[in-house]
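Take a look at the structure set out below.
The values are calculated or read from the model by the stated rules, or taken from the named source; none is laboratory data. These figures come from a predicted structure and were not determined experimentally. Heads up, the Cβs are rebuilt from the backbone with ideal geometry, glycines too, and the neighbour counts pull from every protein chain shown.
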Amino acid sequence: MRSISIIFATTVLTSSYAFSVDRRSFFHASAITASTFTSPAFGLDMDAFMNAELNSDKPKEMTDDERTCKFAAPGPARGAACERAGMSTAGKGKGVDAFGNIDRGDFVRCKTSYPMIDGKYVKTVTCQ
């Protein structure tokens, strides 16, 4: 197909009209011929590329441990499955981890008292 565009471009130059044509017209004519004679192989390459990308996007098959870690209720079985699968045992947000342990933070018992200092009651909180 490229030989046809070269022949067409040389035909334009050798005609009697071509001697009065400037460079810009020559490149315009060659661009038109190149765009009209495109190869159908480009379409095949694009189809092959799209099929390869679609095949690579398919999700991989999950193992039983991965499924258990991802979808089971928190508890010892889920925690063990997460460890075997190499996945995180941390819970989402501030909730329960994979083993079913709840993080409730540090609890401290505090007592509130109101002693009288200089004739006024002052609130005092004592934590242990």
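In table form, for the structure just shown:
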| read-out | value |
| --- | --- |
| THR112 being modelled with pLDDT of 90 or more, loosely packed, with under 10 Cβ neighbours inside 10 Å and in contact with a Lys or Arg (Cβ under 6 Å, 6 or more places away or on another chain) | no |
| The range 63-89 - residue that is of a type in the set (D, E, K, R) and touching a residue at least 12 places away in the same chain (Cβ under 8 Å) and, of those, farthest from GLY100 (Cα to Cα) | ASP64 |
| Residues that are surrounded by 11 or more Cβ atoms within 10 Å (Cβ to Cβ) and part of a loop (DSSP other than H, G, I, E, B), drawn from the range 66-87 | ALA72, PRO74, GLY75, MET87 |
| Meets criteria (at pLDDT 55 or above, within 42 Å of the chain's Cα centre (by Cα) and either within 30 Å of ILE102 (Cα to Cα) or not assigned by TED's automatic domain parsing to the domain that holds ASN101 (or both)) for ALA52 | yes |
| Meets criteria (under 15 Å from CYS69 (Cα atoms) and at pLDDT 90 or above) for CYS82 | yes |
